[in-house]
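Here is the structure we will look at.
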Amino acid sequence: MKFNTKTIHAGQKAEETSGAVMPPIFQTSTYVQEAPNVNKGYDYGRVGNPTRTALEKMVAGLEEADECACYASGCAAIDAMLKMLKPGDHVIASNDLYGGTYRLFTQVFEPYGIKFSFVDMTDISNVEAAKKGQTRLIWIETPTNPLLNIVDIKIVTDFARNEGILTAVDNTFASPYLQQPLKLGADAVIHSMTKYLGGHSDIIGGAICSSNKEIMENARFQVKTTGGIPGPMECYLTLRGIKTLSVRMERACNNAKEIADYLVTNDKVGQVRYPGLKSHPQYEIASKQMNDFGAMVSFSLKDDSIEKAHTFMKNTHYFALAESLGGVESLISHPASMTHASIPKDVREKSGLKDSLIRLSVGIEDAEDLINDLDEAFSHV
């Protein structure tokens, strides 16, 4: 089954009682049992729901995983994955990663005795040097948020497998349309379904996909025990969003290429970060492991100041100033004061995140309108 077909049919079948083409919204908290502990596959809404099951089968199919467990948010999925660890365990993570992930690692799990090393994973020697005897997990973001660095998934996962270390890839920025980390050797894939999978900025959700039994046993245990689950309406809307994943991503990626080319020629721009530019340091790796280069573009201003960045963002029209990404509409954000504000300034700057860095989530509008919108905003800085 080809990918475009998977977005419609992966793990799906007509609903048994009615023949409904789309899975119904099973808005229920509990289920009638034929006898104590004798049921038709469901007993309590926290543990399982048929609408959620349909979504989990779909996302597992897109990532070519044996299983998927869905959560109330991407952060809830990360939290569940990290709960495989115990005090004294060590994690190697990308030094350029989502601020919410950094906050979860350093402010929630570090106090419980989990140790973290944040390294530049674009160079495998940094990963090798960070390895300790207690290293149990390597956490990969690629493309990274917000600098759009590309990590060679196969090189890192080959190293980890030889060392007996698990690997998890946050695939939110790429979506399974662009890359499938399990096929490149990863043990688990994490998604914020809020972004490209949902695709319409109207749900919050997360997922863990894996064919590793240990990982999925923990994932299911966390669903049942800690209860960070998505509601049936969120699952239904995410399923509906996935139906158009391919066409949305194709259009958004094409728009992003045009915008990146425009930004490169603008004399008020300092540096453009987009994996599809041949000047990108990991262009060849992105070409090898991704089906396209994505719809995220970041750039810094030559005048590297927060004030200039804020002025620029106040003067866009089609690019809405907002958190998040991956919707049909274009969004603009300032990582240093928004998504990555929880990361200390010295840590941000060490990884290359400048004060003037602006992140674009490119939508599916007409590319000419989006470029004109940016051009107007540049006239104010």
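Bear in mind these aren't lab numbers, they're just calculated from the coordinates by the rules spelled out. Since the model is a prediction, treat every value here as computed from it, not as a measurement. Quick reminder, even Gly has a Cβ in these numbers, built from the backbone with ideal geometry, and neighbours come from all protein chains shown.
Between 0 and 90 degrees, the angle of helix 232-242 with respect to the longest Cα principal axis of the chain falls at about 50 degrees. Mind putting a number on the dipole of the chain about its Cα centre? Charges go on the C-beta only, +1 for Lys and Arg and -1 for Asp and Glu, and I need it in Debye to the nearest 20. In total the dipole reaches around 840 debye.
The calculated P(r) of the range 182-332, using every Cα pair and 10 Å bins from 0, goes 9, 29, 33, 21, 8, 0 in percent. Per-residue Karplus couplings for the range 126-139, computed as 6.51 cos²θ - 1.76 cosθ + 1.60 with θ equal to phi - 60°, are listed in order as 5, 5, 4, 5, 7, 5, 10, x, 9, 5, 10, 9, 10, 9 Hz, Gly and Pro entered as x. This ranking places M58, M290, M22, M1 by how few other beta-carbon atoms lie within 10 Å of each, fewest first, which gives M1, M22, M290, M58. The angle between the Cα long axis of helix 367-378 and the main principal axis of the chain comes to about 50°, on a 0 to 90 degree scale. Antiparallel beta bridges, as assigned by DSSP with both residues in the chain, represent about 55 percent of the total such bridges.
Amide H contacts of T172 (H built 1.01 Å from N, in plane; Pro and chain starts excluded): S192 sit under 5 Å, all sequence-distant by 5 or more or on other chains. A dipole drawn for the range 245-378 from +1 and -1 charges on Cβ atoms has a positive end, and of N372, C253, M338 the residue lying farthest that way is M338. Taking θ as phi - 60° and the Karplus parameters 6.51, -1.76 and 1.60, the scalar couplings of the range 245-251 work out to 4, 4, 5, 5, 5, 4, 5 Hz in sequence order, x denoting glycine and proline. Residue-normalised convex hull volume from the C-alpha trace of the chain: 136 Å³ per residue.
Taken over the range 245-378, lysine pairs spaced eight or more positions apart, or on distinct chains, with alpha carbons under 23 Å apart number 23. Close amide H pairs (under 5 Å, H built 1.01 Å from N) link D43 with G48, residues at least 5 positions away or on another chain.
Equivalent ellipsoid of the range 1-88: semi-axes from √(5λ) of the C-alpha gyration tensor, largest first, are 25, 22, 11 Å. The count of lysine pairs in the range 101-231 that are at least 8 places apart or cross chains, and whose C-alpha atoms lie under 17 Å apart, stands at 5. Going 7 Å from the Cα of D304 in the Cα-to-Cβ direction, what parts of the range 144-161 have a backbone nitrogen less than 18 Å from that spot? Within reach of a label on D304: 146-149.
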